[in-house]
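Data block below; observations after.
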């Protein structure tokens, strides 16, 4: 056997990649000297693409299928290497296999709280997190813009950058939406779809497509959630006096089940009478009749000043702005209960704040 036959026998006949991992995005097919036989078989499986690189330049890209590597199948590489009349000898080229399947269950989330202004809670902080899916859409662009010469590129090499882009766009969209905090849960799908649309052009620069983005949770700080839980509990209790009477009745029933404990000595009896007296007071209707309702909250107004929303303003502040000429009769305003923005002079409660306009003079 001649030396050429020995070298020829060591060259690769079949070029393929069997991926057993779940995180590899690009794999460079390794072999000695990057030499490939003329007529070698290239096997590209579903969910893969093969990219040939010659001296740092992207050449031919192959979709799923089996190919015999000849001049007609390598038009770009043949041009780069100057094969005018075909070739029969081995040639050198790097082969990168790109995983084009979907990479699912990738995590995103805010490292720091998002500062927002809420109509009900005022300035508040929110945290958000969720998952997203990506896949390589343009293998050549992905190798050129992201992978470079990395022979084994995993999703961990880019997920940090993608997560930062998602959080940045999500924060911007959430601030612009002005959705009340208590209504965010009803808009998770809409927020996810809108963020995906905004991110698509930026991801395409890297040869990547976002196939899905999910918002799993948007939460308030723990301290605020505790206060909100107390507020919810008060709403569930309803009538506080009736709830106190119910609690007192249960306590009295439990005391009656253990008379020995209540009668153990004069001190125990005295404590029993004191407890019974407190229960009686709790169960008796309060003097003066029913408890008056809480004071009504002041009406808050929003105004369109210099083509921008301003407010909210109470009635006193609004009157001062009218006197200062910042708000006129035709200035659009809105308050709770109005279906749409309305001219200030058309609202009965605001019309009287404007100076009276005398009627036209009678005809001579």
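The values are calculated or read from the model by the stated rules, or taken from the named source; none is laboratory data. Keep in mind it's a predicted model, so treat the numbers as computed, not measured. As a convention, Cβ positions derive from the backbone with ideal geometry for all residues, glycine included, and neighbour counts pool all protein chains shown.
For the reader, a short list of remarks on this structure follows.
- Residues that are more than 14 Å from residue 106 (Cβ to Cβ) and in a helix (DSSP H, G or I) do occur in segment 203-219, at least one of them.
- Condition met for residue 83 (surrounded by 13 or more Cβ atoms within 10 Å (Cβ to Cβ), in a loop (DSSP other than H, G, I, E, B) and touching a strand residue (DSSP E or B) at 6+ places or on another chain (Cβ under 9 Å)): yes
- Meets criteria (under 19 Å from residue 299 (Cα atoms), free of Cβ contacts under 8 Å to residues at least 40 places away in the same chain and part of a helix (DSSP H, G or I)) for residue 345: yes
- Qualifying residue in segment 148-163 (condition: over 17 Å from the mean Cα position of the chain (by Cα), assigned to a loop (DSSP other than H, G, I, E, B), crowded, with 16+ Cβ neighbours inside 10 Å and not assigned by TED's automatic domain parsing to the domain that holds residue 51): yes
- When every residue of segment 292-312 is checked against the conditions, at least one turns out to be more than 22 Å from residue 119 (Cα to Cα) and either modelled with pLDDT under 70 or in contact with a helix residue (DSSP H, G or I) (Cβ under 7 Å, 6 or more places away or on another chain) (or both).
- Odd one out for residue 357, checked against (1) exposed (fewer than 15 other Cβ atoms within 10 Å of the Cβ); (2) at pLDDT below 80; (3) closer than 24 Å to residue 117 by Cα: (3)
- Of all residues in segment 100-119, those satisfying the criterion of being out of contact with any helix residue (DSSP H, G or I) (no Cβ under 7 Å at 6 or more places or on another chain), under 21 Å from residue 222 (Cβ atoms) and not in a strand (DSSP E or B) are 111, 112, 113.
- Residue within segment 136-146 that is within 30 Å of residue 220 (Cα to Cα), in contact with a helix residue (DSSP H, G or I) (Cβ under 9 Å, 6 or more places away or on another chain) and touching a residue at least 12 places away in the same chain (Cβ under 8 Å) present: no
- Of the criteria (1) touching a residue at least 40 places away in the same chain (Cβ under 8 Å); (2) in contact with a helix residue (DSSP H, G or I) (Cβ under 6 Å, 6 or more places away or on another chain), which one residue 169 fails: (1)
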